[in-house]
Each structure stands twice: as C-alpha cells, then as structure tokens.
Amino acid sequence: MLTINNRIKDIYAHPVGRDIIKKTLLQMGYKDTIVKNPIIGNIKLKALPTLTIGKVNGGFLSALLELLNSEHDTPRIDTSPVSPAWWKEAVFYQIYPRSFKDNNSDGIGDLCGILEKLDYLKMLGVDAIWLSPIYDSPNDDNGYDIRDYRKIMTEFGTMEDFDKLLEGIHSRGLRLIMDLVVNHTSDEHEWFKKAISEPDSQYGDYYIFRNEPNNWTSFFGGSAWNFYEKRGQYALHLFSKKQMDLNWENPTVRNEVKEMVRWWLQKGVDGFRMDVVNYISKRDGLPDGNEHIGTLMGFYGVEHYFYGPRLHQYLRELKSEAFAPFNAFSVGETPGIGMKMRKLLTDDYRGELDMVFLFDHLETPGHVRFDDYKYDLNYYKEYMINMIENLGCHSHASLFYENHDNTRMISKVDPDPQFRIVLAKLLATIQLTFPGTPFIYQGQELGMVNKKFTSIDALRDVESLNLYAELRKTISEAEAFKKIMAGTRDHARTPMQWTSDKYAGFSDTEPWIGTDNDCKICNAEAQISDEGSVWSFYRILIELRRTHTALIYGNINIVNKKKRDLFTYYRADKSETFYIECNLSRKVIKRKSKLQSGIRLISNYAEAQELQLMPYEVAVWMIKKD
Ligand code: TEU
Ligand code: CA
C-alpha cells in the first residue's frame, strides 16, 4: 500500500500513478521528464504540500493514494505475438447522423440518407461504420440523452429503416457499431420518470439520489445535481441537466444494460462505441472533489469517478454476459485515461474492452479545447512515440484526430488555406500508416475545416450555449463568442459537404444547423473525380493499408526521434518495408538521400522536389525486399 511516506518515483512506478502524474503535468503545461530527475523523484509525498505552496495539499494526496491503492494489478509484460482480429485491420468511419444526409427534406439527416450514401463509403474503402446515437431522444444533447433504447428517433426514421440500413451495410461487406450511452439516460426515460414518481418501486434506485448534493460540477456547467421536489432529493447528472447518471451499483440496472446490448447484438450489429464508459463506477459515499484537482481539470469530482473502484468488474460483466456470446467488438470512450491505464482496460487477457479512445493528443500541453492557440505537430509526434513505447503486444490503439466533440484538426494546426490540402494529406498519412485502428470522422476525408459561424444564434450545442451564458457574466459578447469559436463542438456538426449546391447537397431545405460557403471549394462530388484531392489521397492510403499487412501488423521503427519537424518511420513485416517521411512544419526540409526504388506516394509536389520536403509534405515509399 502506498502512503504519504512514499516518494514521487514510487507513484510514477505505479501504472495509475504514472498516468496521473503525466496528466497533471500536461494540464499545467509541462512534460513528465522532470519526474525522471532523481532529485524530484526522491521527494516524499508528505513534503509536497510545503514544496508546492499548498497546491498539492493533503486532500489531493489522499485522493491520489486512494485511487492508486484501489488498483492492485499491473500490466503484464509479455512478448507473445499479436493476435489478429477484424477490428485491428479495419478502417472505421464515424457518422453523425443528424448532419450526414437528409433524405426526406426536413433539414435533418436520417437513416435513409445514410443508406443512400453507403456506396460512397464503399468507394472510399472503409470497412466499418460507427453511428452516433440514433435512439429516441428529446435531443438535449443531440441523442446522447436517450429516452428509449429500443426505439429509433422519429426524425431519423423507423426500425424498418434501421433494418434496411443494417442489411445494406452487411450486404456491402461493411460492419456497423452503434453508440452505447449508458452512463446516463434522458430525464424523460421511463425509468427516471418512475424513479421520481414511484420512489418505492424498483426504479427508485436506478439513479443516484442524495439528500444533500456534493461539490461535483457538470461538464456542461454548474452543479452536477438537480433537485426533484416530488422526491425531495437531488439526482446526479455529470452532463446536461437532462442527462441523469444511472446507478451502476444496482445489479438490476446492470442487467437492464446487458439485456439491451444483447437485444441489439441479436439484431446483428457488430459492436458498440461506449460513451464515457470509464465514468460508470463512482466512489462509495460520493465524497467532495478536491478543490485543487477541480481547478486544474476544470471540473470538480472527476478523481472520484473517472477510474472508479468497480470499473473493471462492471466491464468484465458486460463483456462476458453481453459482448462475448456474440463475439461483438467494443471501443470505450474514456476521457482522462492514460497510456498505462489503457492497458489495464484493454489488454486482451483482461476481458474488459477491445479498444479505448484516449484524448491527450487533441490539445498540446497546457491547453484546453476553448483556447485559441496553434497546435504544434511536434507534440503529436512525441505523443505517438510515447504511445508505441507503452502499448505492448496485448493492447491495440485507436487512431483519430476528430469526432463530433472536437474542432477540425487542420484548423488547429494551421488555418492558413494555402496549406489546407497538404496538411489534410499529412494527417491522413500518419493515421493510416501507424499501428492502430483509424477512425475517420465524416468530412475529414475531404479536409473539412472549422466553420465561419457569425453569431451565437447560429450555434446549437448545449455545451457551447451553456458556456456562453456563463462567460457572459464576466466578459463581453465579442470576447465570449471568440472563446466559443475556438472550441465549439458545432464546428464538426455542420452538414457533410456533398456538392457545391445550396445546403451543400446535404438537404434541399434549410438544415437544422447552418453551414458556410466552404462547400463551393470543398465537396465530395468534386473531390471524387480529382486524382489530387484529399479524398483520393485517403482512398489510395486506405487501399494501400488494406493490401499490405506491413501497415497493419508490421513492426514500427521510428527514426530520428529527437529531430524537430521531421517524423520518419519504417513499417515492416517479413515481405515488405515501408518508409514514411513527414514534414510537420511550414519549413522546407532537405532530404539526405534520394530514394530510388519502390512505389511512392508523395502528397503534394512533383518529382522535381525529390531532394526536399516542402511544407507539411509527406512521402510514403514501399521498399520491396527481394
Ligand atoms: O463525450 C464525453 C466527453 O467527456 C467530452 O468529450 C464532452 O463531450 C465534452 O467535451 C466535455 O467538455 C461523450 C459524447 O461523445 C458527447 O457528445 C456527449 O455530449 C457526452 O459524452 C455525454 O453523453
Ligand atoms: Ca430528414
């Protein structure tokens, strides 16, 4: 057991401790190299309150120790060969149904719209689709607030439409994973309504009720507790006021979830992406969050549920009783989880999850999504090197830059339009030639960028609207809007740009969320017939990955790890070797030698440039072994 008499290096040696130290330093804008300094490493925990002038206080340390002492396992070190699986070979494509394609002209994307575009996805070459929620919902958080898990949202269509879609997906040799949102339900879910109106029924214990709230805050602003007069109690909601946290301590709740999962798997879906699944187990007694941790992370209480005491147990139950009998795939969305904890959640012998989404690469150290800053890709390189060094043979990584919760990656790195295409190709190259499973977010394959929203009225996202209202208490309209523009999730939620027509070919009536004129220069129709387009580059890379196992299961050898602006690596298996060279900057970088043989794919410039890499340029060479 670790106590305050242990030293920093002991914490760093613990898998959870190591991830937490890294995360803490990252939030403060530092790298973990300082911990490796022996003087720092030898500091005893109990000296920290004095050394940090109270920033790391007693409460901070006891929360940390409690978390560490609740994890007794360490990842197994083993060099057994990687076991193959379809989801390790697949390229996934995420669809945000509301904004993908409107088939019945009401301005809202729908299931028939997706069906209409399956051939497009097949042409692009992806293997599997992740559908953001399509269940019945009052849409306080665009479907992440579910009212009925076994019903399709009316705006999206019917269960018959869903069956047709699933059939269309499978008949094309594609797979489908659905979104499983079970940390919380809508407050309009039958269970919650009964929990309020019939507190003595079995539903009375389906959610997390307390007589007094604690200090936890919601991710969407304010306290994480609502008061319900009828019951005379508070209920917990880590997200919006209409997203009520389920009580996973109750075995009946867990059984309801398993039954629902089996119901969809019985229908033939191939697996699930599991929304904030690392939040399902909350610490007993729901203690107050530490103020310093809360201030650092932006939210109070996270240390008590992001890696809760029964998380492993609940995941194992779900896997063995619902996923495993169907051989179904699972990828957990796990904000706050680091590289070592990933292993404890996904190593193949653990029986928990197949993969997770980690998020520490989405912003550079010291930054959060709502900061307006430029993302330096050298950090991404470092992150990826670190990932490879920590993954081992039992875990498999997910690779992504974008989803419906984040701004567009091109805009983060370099919003200058002259670099848009080449930068899109650079991002595509790393994503499709690195070990791990790529998840492409709709529109990423076109190089879509952040939107030119003109006012707060153009935005729809509950997170942005709540934050704006909060900011307006202290700053001007213009300043608040600027901050929202830096991070709003709506940048990724505008209509998919199919054509240059009015409404981007998404719909023939005004869409539920506005778009700008970007579809005139960036749309699928034009890019499909242009060999030099971002879309064509994605198609070629996906095909390359599919036809060369070196890019899937091959070893990776990263060279010149310390060299800034240049990211070079080899991927190799028994039969072939690929050499990948990426310029991470606007600089022109000289190449040492001119590679002569093999297949090559150069992102931007013609052969004349063979001795230099132009801004953000990449080259992929296949060196055949003979
Ligand atoms: O997101 C969870 C999450 O932690 C964040 O990405 C969150 O959206 C936000 O950035 C917090 O500041 C998942 C879903 O992907 C998201 O769309 C939902 O809003 C959320 O859960 C609640 O279901
Ligand atoms: Ca529609």
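Every number here is computed from the coordinates shown, using simple stated rules; none is lab data. These numbers were taken from a predicted model, which means no experiment stands behind them. Every residue, glycine as well, gets a Cβ built from its backbone with ideal geometry; the counts of neighbours run over all protein chains shown.
Given the -39500 (n - 2.57) contribution per DSSP H run of 4+ residues, what per-residue ellipticity at 222 nm results for the chain, rounded to the nearest 500 deg cm²/dmol?
The helix-only estimate for the chain comes to -9000 deg cm²/dmol at 222 nm.
Return the sequence-ordered ³J(HN,Hα) values of region 78-94 in whole Hz as given by the Karplus equation 6.51 cos²θ - 1.76 cosθ + 1.60 applied to θ = phi - 60°, using x for Gly and Pro.
7, 10, 4, x, 5, 8, x, 7, 4, 6, 7, 8, 6, 10, 8, 10, 8
Which peptide among 213-224, 490-501, 422-433, 283-294 comes first, and what is the full order, when sorted by highest mean count of other Cβ atoms within 10 Å?
422-433, 490-501, 213-224, 283-294
Could you point to the residue in ILE177, LEU446, TRP621 farthest towards the positive end of the chain's charge dipole, with +1 and -1 charges on the Cβ of Lys/Arg and Asp/Glu respectively?
The residue sitting farthest along the positive end of the dipole is TRP621.
Taking amide H atoms as placed 1.01 Å from N in the peptide plane, list the residues 5 or more away in sequence, or in a different chain, whose amide H sits under 5 Å from that of THR437.
Under 5 Å from the amide H of THR437: ALA397, SER398, LEU399.
What are the ³J(HN,Hα) values, in whole Hz, obtained from phi via the Karplus relation 6.51 cos²θ - 1.76 cosθ + 1.60 with θ = phi - 60°, for each residue of region 440-450 in sequence order, with x given for Gly and Pro?
9, 8, 3, x, 4, 5, 9, x, 5, 10, 4
Quick one: if the Förster radius is 60 Å, what FRET efficiency do LYS151 and LEU611 give, using the C-beta to C-beta distance and rounding to 0.05?
E between LYS151 and LEU611, to the nearest 0.05, is 0.50.
Suppose each label sits 7 Å from its Cα in the direction of the beta carbon; what would the SER455-ARG316 distance come out to in nanometres?
5.7 nm
As an exercise, identify the GluC sites (Glu not before Pro) in region 517-551 lying in DSSP coil whose Cβ has no more than 14 other Cβ atoms within 10 Å.
Here the GluC sites (Glu not before Pro) that fit, given the DSSP loop and packing criteria, are GLU531.
One-quarter of the Cα convex hull surface for the chain, in nm²?
So the mean shadow area of the Cα hull is 28.4 nm².
For region 1-160, place one equal point scatterer on every Cα, skip the solvent, and apply the Debye formula. What is log10 of I(q)/I(0) at q = 0.20 Å⁻¹?
Each listed q maps to, in turn, -1.15.
Pairs LYS452/LYS590; LYS117/LYS267; LYS319/LYS381; LYS88/LYS520; LYS22/LYS46: which are spaced more than 26 Å apart, C-alpha to C-alpha?
LYS452/LYS590; LYS319/LYS381; LYS88/LYS520
At 0.36 nm per residue, and after removing the present C-alpha to C-alpha distance, how many nm does the segment from ASP163 to TRP263 gain when stretched out fully?
Extra length from ASP163 to TRP263 when fully extended: 34.7 nm.
Please pull out the direction-averaged projected area of region 495-582, using the convex hull of its alpha-carbon atoms, in nm² to one decimal place.
Average projection, Cα convex hull of region 495-582: 8.6 nm².
Taking the Cβ-Cβ separation of GLU525 and ARG172 as r and a Förster radius of 30 Å, what is the calculated FRET efficiency to the nearest 0.05?
0.90
Average projected area of the Cα convex hull of region 118-267, in nm²?
Average of the hull's projected areas for region 118-267 equals 10.2 nm².
Students often get this wrong: which residues of region 357-393 have the backbone nitrogen under 13 Å from the point 7 angstrom along Cα-to-C-beta of ARG76?
Taking a point 7 Å out along Cα→Cβ of ARG76, the residues of region 357-393 whose backbone N falls under 13 Å are 393.
For region 248-390, go through all pairs of different Cα atoms, get the mean of 1/r, take its inverse, and jot down that Kirkwood value in Å.
So the Kirkwood estimate lands at 16.9 Å.
Mean Kyte-Doolittle of at least -1.0 and a Cα length of 15 Å or more along the axis: which whole DSSP H helices of the chain meet both?
Qualifying helices: 15-28, 58-69, 159-171, 251-267, 377-391, 420-433, 477-487, 534-547.
With a point put 7 Å past each Cα toward its Cβ, work out how far ASP200 is from LYS482 in nm, to one decimal.
It is 6.0 nm.
Determine, from the Cβ-Cβ distance of LYS563 and ILE39 and an R0 of 22 Å, the FRET efficiency 1/(1 + (r/R0)^6), rounded to the nearest 0.05.
0.15
Quick one: plug the Kirkwood hydrodynamic radius of region 318-458 (C-alpha pairs) into Stokes-Einstein at 20 °C, 1.002 mPa s, and report D in µm²/s.
Answer from the Stokes-Einstein relation: 129 µm²/s.
For a quick protection proxy, order the peptides 72-80, 6-14 by their average other-Cβ count within 10 Å, most packed first.
Highest to lowest by the protection proxy: 6-14, 72-80.
Using modelled backbone amide H atoms (1.01 Å from N, in-plane), which distant-in-sequence or interchain residues come within less than 5 Å of MET274's amide H?
Residues meeting the criterion, in which the H sits 1.01 Å from N, are LEU180, VAL331, GLY332, GLU333.
Under Stokes-Einstein, with the Kirkwood radius over Cα pairs standing in for Rh, what whole-number D in µm²/s applies to region 367-406 at 37 °C and 0.692 mPa s?
This corresponds to a translational diffusion coefficient of 266 µm²/s.
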